[in-house]
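Some notes on the structure that comes next.
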Amino acid sequence: MLGHTLKSTVRVLLRRKFFTAVSLFGVALTLVVLVVAAALLDHTFGPHPPEVYSGRSLGIFRASLKGKSWTRNGGPGGRLLETCARALPGAEITSFYSAQDQEVTYRDGERVSLWVKRTDGAFWRALHFRFLEGGPFTDADDAAANAVAVVNDATRRKLFGDGRGVGKTLRLDGRTFTVVGVVADVPFLRAVPFADVWLPARTARSDAEARAWVGELRALIVARSRADLPGIREEYRRRVAAVDVSAEPRFDRLESEAESFLEMGARGMAGTSPHRAALAVAFFIALAVCFMALPALNLVNLALSRILERSSEVGVRKAFGATRWRLVLQFVTENVILSLAGGALGIVLSAGVLSAVNQSGLIPYAQLALNVRVLLWGLLATCVFGVLSGALPALRMSRLHPVEALQGGPR
Amino acid sequence: MIRLENVEKVYRTDRIETIALSNVSLDVAEGEFVSIMGPSGSGKSTLLHVMGLLDAPTKGSVTLNGRKVESYFDAALAKVRNAELGFVFQTFHLVPDLSVLDNVEVPLLYRGTGGKERRKRAEAALERVGLSARTRHYPSQLSGGQQQRVAIARAIVGAPRILLADEPTGNLDSATGDDVLDLLKDLNTRERCTVVMVTHDERQAAKTHRTVRLFDGRPVS
Ligand SMILES: Nc1ncnc2c1ncn2[C@@H]1O[C@H](COP(=O)(O)OP(=O)(O)O)[C@@H](O)[C@H]1O
Ligand SMILES: [Mg+2]
């Protein structure tokens with residue numbers, strides 16, 4: 001039966017080349033967009049090294065000082081983190097680091113612009129970078145403000161050519177740093193680990209950041225287990241609420257939360273709602289569904305025209321003993337085959353697009369990958385597509401009275 | 001074999017009521033070859049459709065092989081059509097996207113016959129109608145007469161007891177038409193198929209056992 005349907009499907013699709021091309025292209029294009037979007041989201045928020053603990057991590061990315069008519073928004077400052085984020089109960093690793101900043105160095109008189117993060121020693125325990133040479137700097141290096149640096153592979157190549165990086169020096173911010181480690185490139189969109197150069201926090205020339213409530217620092221907290229996350233959020237909120245900022249002119253209260261990376265990412269879309277991560281996910285799913293509705297409708301239309309012109313076939317098959325459901329099955333199978341072919345094309349195209357994005361440098365150090373999860377979802381979407389777009393015309397056609405069908409379709 | 005009792009068929013569209021068949025009672029015996037004649041619009045096709053369970057009568061009853069058709073549910077009808085009936089149409093109605101062999105296999109598909117067996121029986125049916133050499137062709141590559149032979153092969157592949165043919169030679173030139181009629185006649189005598197055929201051709205009707213004449217939905221004699 002399947003063999004029979006397969007043969008006839010191939011024949012039908014080849015006979016109507018234009019229709020087939022439009023359908024294939026519609027499905028493929030939709031899939032490409034979905035797969036690329038999914039790859040981007042996964043690339044940004046998925047659990048990939050160096051963020052090996054992302055399932056049980058929280059971050060502190062924002063803080064606000066508020067007064068009657070003034071608000072100062074930013075990241076948490078050193079004072080806030082030292083006061084409220086140290087030794088939270090249930091936290092296994094607590095790291096404070098600065099948001100990356102663009103700084104300039106020179107190689108043979110040529111300007112090289114680099115993204116620099118200042119971190120503590122815990123940073124390297126909370127995130128597992130792949131070291132190509134040497135190793136991380138330590139808490140002791142940070143405490144002593146040793147002029148040491150970890151650079152990524154791209155920076156090593158830019159500054160030192162093909163040679164080794166460890167032991168070489170680079171000048172940043174008026175100081176000379178010695179490279180102690182080289183790590184594999186981390187994608188730009190991985191906001192927490194990303195940088196070109198990592199320096200000990202205390203090598204910063206000014207300690208203004210350390211004294212501020214609101215500044216440009218970040219905290220990364222790895223909990224002992226997922227179950228500890230709510231307690232950590234709660235305790236941090238409690239401590240922040242208890243901070244006395246009455247010494248600050250114009251401000252009377254401080255606001256800051258520990259949040260997941262997805263929640264941070266969702267902030268732009270869903271504001272500060274406590275359900276912002278779920279809202280963002282729902283939004284993306286709704287977007288994907290709407291996005292798929294158009295080509296699905298188009299497919300329904302095309303399938304309808306393809307099936308309607310075959311009313312004589314419906315009549316004949318009914319006359320020779322096909323039940324209604326047999327016909328529905330046949331037409332739906334046809335459409336699923338078409339959609340799967342479109343899906344296969346879409347996956348090939350997606351792989352091409354992803355590798356093109358990776359190579360284009362559009363997103364620095366991007367490693368967008370066609371992962372299995374995205375692939376399976378794509379495949380599922382394709383099948384749903386096929387069934388949905390085939391079912392409607394199939395149901396309509398199969399309802400035809402056999403005599404009407406033989407005489408050329410519905411009246 | 002086929003018994004119609006007081007069959008009436010009325011088509012209702014918006015305001016018009018067409019009485020296509022009125023009070024038709026008819027018996028076709030096993031092994032009989034019956035022709036149906038009548039002017040256009042006299043209800044010949046409708047009569048054949050009612051006999052073939054493609055259409056339900058408005059009133060009256062249909063009995064096939066001694067079993068009265070009580071319910072006109074899709075699945076039950078499909079089964080009876082598949083097992084007991086074979087249709088031949090004026091415009092052949094071959095599926096253009098299937099090869100000759102696959103077209104002939106269609107009825108067997110709906111009774112769950114395995115692929116090898118289907119092939120074997122479809123080839124035998126095509127041999128019976130003298131078309132063994134064309135099994136890989138597609139309908140559009142065949143002449144009208146050849147297409148109608150394929151249609152007949154399809155109608156007999158499931159070895160039904162009853163063949164219903166609605167102007168099977170209506171689209172063929174007279175020589176080819178005679179060949180097709182001879183084929184039907186041969187099936188009737190050799191395989192003891194009961195055949196009911198609609199025709200416009202007195203010459204062909206004369207070759208059948210008996211002719212039923214319809215006028216305005218009523219049999220006249
Ligand atoms: N589906 C239908 N709806 C309405 N009227 C129909 C339909 N089918 C047939 N008729 C009418 O029923 C009558 C008999 O038609 P038909 O059986 O096709 O005649 P024949 O085959 O003898 O030419 C005609 O008047 C035709 O117009
Ligand atoms: Mg007719």
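Table for the structure above
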quantity	calculated
Per DSSP, loop chymotrypsin sites (Phe, Trp or Tyr not before Pro) in region B:62-141 with at most 12 further Cβ within 10 Å	B:Tyr72, B:Phe73
Cα centre as origin, Lys/Arg/Asp/Glu Cβ charges: region A:118-221 dipole, Debye	180 debye
Distance violations [Cα-Cα > 25 Å] among B:Lys9/B:Lys68; B:Lys59/B:Lys79; B:Lys44/B:Lys207; B:Lys79/B:Lys116; B:Lys68/B:Lys116	B:Lys68/B:Lys116
Mean separation of Cα contacts under 8 Å, 6 or more apart, over the residue count of chain A: relative contact order %	25 percent
Largest-first ellipsoid semi-axes for region A:146-215, taking √(5λ) over the Cα gyration tensor eigenvalues, angstrom	24, 17, 8
Per-residue [θ]222 nm for chain B (sum of -39500 (n - 2.57) over DSSP H runs n ≥ 4, rounded to 500)	-10500 deg cm²/dmol
Span from the region A:288-347 Cα centroid across to the region B:148-220 one, whole angstrom	36 Å
Axial C-alpha extent at least 15 Å, average Kyte-Doolittle at least -0.5 - helices from chain A (DSSP)	A:2-15, A:17-45, A:276-308, A:324-360, A:372-398
Dipole magnitude (debye, nearest 20) for region B:38-146, charges at Cβ of Lys, Arg, Asp, Glu	260 debye
Most mobile of A:Ala296, A:Ala28, A:Ala322 in a GNM of chain A (Cα contacts under 10 Å)	A:Ala322
Positive-end residue, the protein assembly as shown charge dipole about Cα centroid, Cβ charges, pick of A:Ala147, A:Ala204, A:Ala99	A:Ala99
Residue exposure sequence - A:Ile232, B:Ile16 - by fewest surrounding Cβ within 10 Å	B:Ile16, A:Ile232
Intensity falloff of the protein assembly as shown expressed as log10 I(q)/I(0), Debye formula with alpha-carbon point scatterers, at q = 0.07 Å⁻¹	-0.64
Among A:Trp377, A:Trp198, A:Trp70: highest mean-square fluctuation, GNM of chain A, C-alpha pairs under 10 Å	A:Trp70
Dipole axis of the protein assembly as shown (+1 Lys, Arg; -1 Asp, Glu on Cβ), positive-most option in A:Ala351, A:Met264, A:Thr71	A:Ala351
Exposure proxy order (Cβ contacts within 10 Å, fewest to most) of A:Asp173, A:Asp228, A:Asp244	A:Asp244, A:Asp173, A:Asp228
Burial ordering of A:Asp142, B:Asp201, B:Asp182, fewest other beta-carbon atoms within 10 Å first	B:Asp182, B:Asp201, A:Asp142
Contact order normalised by residue count of region A:235-313, Cα under 8 Å, 6+ apart, percent	15 percent
Total charge dipole magnitude, region B:115-195, about the Cα centre, Cβ charges on Lys, Arg, Asp, Glu only, Debye to nearest 20	640 debye
Cα→Cβ-extended label distance, 7 Å offset, between B:Tyr72 and A:Leu380, nm	4.5 nm
Set of lysines near A:Lys17 by C-alpha distance (under 21 Å), chain-local residues within fewer than 8 positions excluded	A:Lys7
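Values in this text are rule-based calculations from the coordinates and carry no lab data. Keep in mind that this is a model prediction, so the values were computed, not measured. Ideal geometry is used to build each Cβ from the backbone, glycine not excepted, and the neighbour counts take in all protein chains shown.
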